[in-house]
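Written out below as structure tokens is the structure these notes cover.
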Amino acid sequence: MLTAEERLDTTNLRPSKLSDYIGQHSVVKTLQVFIRAVKSRGKVSEHILLYGPPGIGKTTLANIIANELVGDIKVTSGAAVQKSGDLAAILTNLKDRDVLFIDEIHRLPKAVEEMLYPVMEEYSLDIIIGKGPSARTVRLPVPNITIVGATTRLALLSAPLRDRFGLLLRLNYYSEPEMVEIIQRSAKILKIPLDRDAAKQIAQRARWTPRIANRILKRAHDMFLVDNHKKIDIGLLEKLFELLELDEYGLADIDKNYLRTVGKKFQNNPVGVETLASSLSEDKRTVEEFIEPYLLQIGFIKKTSRGRVLTGKALKHMGLKGMVDQQELV
């Protein structure tokens, strides 16, 4: 477990204070009020659920909350906490004002989830000792901690668990100006000479997601060092985007293969996700959770009752603008 001081000393691109956090203005304002209230009361009274697409700052916000509360953070995931004993072991190592961050909280097993209820409501942990008729429940006190849950699939959380969070905060994709500001901040931390036009080019290909933007920036830095450039400019980025096979929309090969499959192979007739996944040699979950969300956001595909089809915008981008959609002429 990292202390607040150790996290501040760690070289990474994540901000450590709410005042340094870029974007998500309503979420930041809500958290500022929450943290001031905790400090004035002297103890935590609510838990926080963060939900939204991957890579947009849920883990970062959990770390910031811990820093602002002057506590430590314990990071785990729903998939990692498979037994009640796993949760008990984590909780016994926490103290007041610490943050327990549970990523992918929708993947918690039912037994562990139910064990979490008294922890969230009464700061108590119920442990069953023994088996059969001689079994008894022992209630142990738990420190006043803040539980921060994160999920990309809010609908998969059970209602009882969801209702025990006092704050439900949705994180949205970032605007282009916010992305440019995030990229320039990261470049400054990494001491990379980056002009604003180059930052805009990275932002356009980053799918409005800071995690992807920082990944591209780091690869640009690699090329900057290897080829002895004076700064990261448009020329360097054009070579990088060609190498990474990223077009102006940030579409990678897997995205373009999806669009070609629907547009060419199926002649833009509605196609079901299972058939599409089989044609792409990908599993259904990869298609639904990794490929399609961004294509929907930029208006490249439509989900109909009969399946997926490309929009006119996508057909034009893929050079298929002469094709006829079943619903409209594009």
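Multiplying the sequence separation of N269 and N93 by 0.36 nm and subtracting their Cα-Cα distance, what value in nm do you get?
57.8 nm
Normalised by the residues of the chain, what does the relative contact order come to in percent, with Cα pairs under 8 Å and at least six apart?
Averaging sequence separation for qualifying contacts and normalising by length gives 14 percent for the chain.
As a test, work out the antiparallel percent of DSSP beta bridges whose residues both lie in the chain, rounded to the nearest 5.
In the chain, approximately 40 percent of DSSP beta bridges are antiparallel ones.
Can you divide the C-alpha Rg of the range 133-174 by 2.2 N^0.38 Å and report the result to two decimal places?
Here the Cα radius of gyration is 1.74 times the empirical estimate.
Full-extension gain between L190 and R139, please, as 0.36 nm times their residue separation minus the C-alpha to C-alpha distance.
Extending this stretch completely gives an extra 13.5 nm.
Please report the spacing between the Cα centers of the range 282-300 and the range 206-220 in Å, no decimals.
19 Å
For the Cα atoms of the chain, what angle does the longest principal axis make with the long axis of helix 110-122, in degrees from 0 to 90, nearest 10?
Orientation of helix 110-122: about 60 degrees from the principal axis.
Using a 10 angstrom cutoff on alpha carbons, build the Gaussian network for the chain and name the most mobile of I145, I216, I127.
I127
Normalising by the residue count of the range 195-254, find the relative contact order in percent from Cα pairs under 8 Å and 6+ residues apart.
40 percent
So how much slack lies between E46 and I127, counting 0.36 nm per residue of separation and subtracting their Cα-Cα distance, in nm?
Extra length from E46 to I127 when fully extended: 26.9 nm.
Check D98: other-chain or 5+ apart residues with amide H under 5 Å from its amide H, H built from backbone geometry?
D72, T146
Pick from N63, N228, N93: which residue has the top mean-square fluctuation in a GNM of the chain where Cα pairs under 10 Å get a spring?
N228
Leaving ligands, DNA and RNA out of it, report the carbon-plus-sulfur percent of the accessible area of the chain at a 1.4 Å probe.
C and S fraction of accessible area: 50 percent.
Can you give me the angle between helix 58-68 and the longest principal axis of the chain, using Cα atoms only, in degrees from 0 to 90, rounded to the nearest 10?
Taking Cα atoms only, the helix is inclined about 40 degrees.
Could you state the per residue volume, in Å³, of the convex hull enclosing the Cα atoms of the range 217-320?
Expressed per residue, the convex hull around the Cα atoms of the range 217-320 is 113 Å³.
Helix 234-244 against the longest principal axis of the chain: what's the angle in degrees, Cα atoms only, rounded to the nearest 10?
80 degrees
Based on the Kirkwood radius over alpha-carbon pairs, what value in µm²/s does the Stokes-Einstein equation return for the translational diffusion coefficient of the chain at 20 °C and 1.002 mPa s?
95 µm²/s
Roughly what percent of Cα-Cα pairs across the range 38-79 reach past 12 Å?
Percent of Cα pairs beyond 12 Å in the range 38-79: 69.
Send over the semi-axes of the range 196-267's equivalent ellipsoid, whole angstrom and largest first, taken as the square roots of 5 times the C-alpha gyration tensor eigenvalues.
Taking √(5λ) for each Cα gyration eigenvalue gives 27, 12, 10 Å.
State log₁₀ I(q)/I(0) for the range 75-120 at q = 0.28 Å⁻¹ as given by the Debye formula over alpha-carbon point scatterers of equal weight, solvent excluded.
Once normalised to I(0) and log-transformed, intensities are -1.18.
How long is the range 66-149 along each principal axis, judged by its Cα atoms, biggest number first, in Å?
47, 25, 19
Per q in 0.13, 0.18, 0.23, 0.28 Å⁻¹, report the Debye log10 I(q)/I(0) for the range 156-227, using one uniform scatterer on each alpha carbon and no solvent.
Values returned for q = 0.13, 0.18, 0.23, 0.28 Å⁻¹ are -0.48, -0.67, -0.93, -1.27.
In cubic angstrom, how much convex hull volume per residue do the alpha carbon atoms of the range 30-176 span?
Spelled out: Cα convex hull of the range 30-176, divided by residues, is 109 Å³.
How much mean residue ellipticity at 222 nm does the chain get from its helices, if each DSSP H run of length 4 or more adds -39500 (n - 2.57) and you divide by all residues, to the nearest 500 deg cm²/dmol?
That comes out to -12500 deg cm²/dmol.
From Cα pairs below 8 angstrom and at least 6 apart in sequence, can you work out the relative contact order of the range 9-150, rounded to a whole percent?
Over the range 9-150, the number comes to 26 percent.
About its Cα centre, what dipole magnitude does the chain give when the only charges are +1 on Lys and Arg Cβ and -1 on Asp and Glu Cβ, stated in debye to the nearest 20?
The dipole magnitude comes to about 320 debye.
How big is D, in µm² s⁻¹, for the range 144-273 by Stokes-Einstein at 4 °C and 1.567 mPa s if Rh is the Kirkwood radius over C-alpha pairs?
74 µm²/s
The values are calculated or read from the model by the stated rules, or taken from the named source; none is laboratory data. Being a predicted model, the structure only gives us computed values, none of them experimental. Reconstructed Cβ throughout: ideal geometry from the backbone, glycine too, with neighbour counts over all protein chains shown. The accessibility values were calculated without ligands, DNA or RNA, using every heavy atom of the protein model including side chains. Shrake-Rupley method; radii C 1.70, N 1.55, O 1.52, S 1.80 Å.
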